[in-house]
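Structure first, then comments.
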Amino acid sequence: IPTPVVTAKASFPSYKTAYTEYPFGFSITRIDSGTVLFNSSVGGFIFEDQFIQLSSLLPSLNLYGLGEHVSPLKLDFNWKTLPLFARDDYGAPQGLQHNLYGVHPFYLNVEEDGCANGVLLLNSNAMEIVLQPTPAITYRTLGGILDFYFFMGPSPDEVIQQYTEVIGRPHMPPYWALGFHLSRYGYNSLNATASAVQRMREAGIPQDVQWNDIDAMDNLLDFTYDPKRFGGLPQFVDELHSNGMRYLLIQDPGISNSQPAGSYPPYYDGIEMDVFVKNASGLPLVGKVNKNGIMYI
């Protein structure tokens, strides 16, 4: 991701840094309180071709972030390992040991005096993070570099503002997207979807948006709907619109490359527009999702 370019040293930094050459380690200290926010000199440092490990002490047990996992907001330091590698784990199982859809190697740490700091490791390789009761944190990643960003806050709000200045601000959603949505996998037919909307109306439950998941697709293909089970979908969407509602049909970030020649325009249009992710050889990256080979967008 593009990040801000630093062209000059801060005139009045709120932190100071120190490092040791052997064993290698570095520390970040808040100047006004003397609180050491990060100190990697205690845990050793491993930098190999496909394995990097770095540990640090932390100033408090008040740690938040490092998603995506289903867990309490405040993270557990009792020797917990958090894998960070995006995957579709149906049912979203609970526990820090289950990695889910998002990868956010960023945490917010609230210090004992109420000040807050944040740390981002900008690295897209598969990694795991271990939280230890010292309190301490250990990063392990299979590659990349240790591109750390430290955010000094000092309030939690300011930490998040500084963090999003680096990774990019969130897009402002359309007003209707902030409304009441109904979505699930497994309606399996337009009749079942329409019945769910009708039951919402009869019960007086507010609803602004109706969704369908991949079970509405034709042969699990993006930009399609099943003409038998979901025949009449355009008319259903028109009816929703006439009632001031919106409709969304989920799309997966992969286009099938296994359909008969000329039968699936999204694949051929994507090749012509050169929109697919490439592998190391410069060819479209091919993966496997459901029963279709796919090209990643």
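The values are calculated or read from the model by the stated rules, or taken from the named source; none is laboratory data. Bear in mind that the values here come from a model prediction, so they are computed numbers and not experimental data. Positions of Cβ are backbone-derived with ideal geometry, glycine not excepted, and every protein chain shown enters the neighbour counts. The protein model used for the area step is the full one, side chains on, heavy atoms only, and it has no ligands, DNA or RNA in it. Shrake-Rupley method; radii C 1.70, N 1.55, O 1.52, S 1.80 Å.
Quick look at the values:
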quantity: FRET efficiency, 1/(1 + (r/R0)^6) with R0 51 Å, evaluated for His104 and Val237 via beta carbons; calculated: 0.90
quantity: Potential lengthening between Thr164 and Val36 on full extension [0.36 nm per residue; Cα-Cα distance subtracted]; calculated: 43.7 nm
quantity: Projected-area average for region 167-291 over all orientations - Cα convex hull basis, square nanometres; calculated: 10.6 nm²
quantity: Relative contact order of region 17-75, pairs being alpha-carbon contacts under 8 Å that are 6 or more residues apart, as %; calculated: 22 percent
quantity: Förster radius 35 Å - calculated FRET efficiency between Ala86 and Glu272, Cβ distance, rounded to 0.05; calculated: 0.80
quantity: Hits among lysines - C-alpha to C-alpha of Lys288 under 30 Å, sequence gap 8 or more where chains match; calculated: Lys228, Lys278
quantity: Gap separating the Cα centres of region 257-287 and region 208-227, nearest whole Å; calculated: 21 Å
quantity: Computed over region 49-119, Kirkwood Rh from alpha-carbon pairs, angstrom; calculated: 13.4 Å
quantity: Heavy-atom accessible surface of the chain: percent carbon and sulfur, 1.4 Å; calculated: 57 percent
quantity: Largest-first principal axis extents of the Cα set of region 222-261 (Å); calculated: 39, 23, 14
quantity: Extension gain, Ser258 back to Phe26 (0.36 nm per residue minus Cα-Cα distance, nm); calculated: 78.4 nm
quantity: Accessible area expressed per residue, the chain, with surrounding protein chains retained (probe 1.4 Å, Å²); calculated: 59 Å²
quantity: Point-to-point label distance, Asn78-Asn219, nm (Cα→Cβ direction, 7 Å offset); calculated: 5.2 nm
quantity: Which of Tyr90, Tyr264, Tyr247 is most accessible, then next, and so on - probe 1.4 Å; calculated: Tyr90, Tyr247, Tyr264
quantity: Cα extents of region 80-150 along the three principal axes, largest first (Å); calculated: 40, 28, 19
quantity: Globularity ratio of region 6-139, using Cα Rg and 2.2 N^0.38 Å; calculated: 1.12
quantity: Relative contact order (%) - the chain, alpha-carbon pairs under 8 angstrom, separation at least six; calculated: 11 percent
quantity: When the convex hull of its Cα atoms is projected in every direction, mean area for region 1-81 (nm²); calculated: 8.4 nm²
quantity: Exposure rank, largest accessible area first [Arg169, Arg201; 1.4 Å]; calculated: Arg169, Arg201
quantity: 222 nm mean residue ellipticity, helices alone, for the chain (DSSP H n ≥ 4; -39,500 (n - 2.57); rounded to 500); calculated: -4500 deg cm²/dmol
quantity: Cα extents of region 117-174 along the three principal axes, largest first (Å); calculated: 37, 26, 20
quantity: Kirkwood Rh, Cα atoms: Rg over Rh of the chain; calculated: 1.05
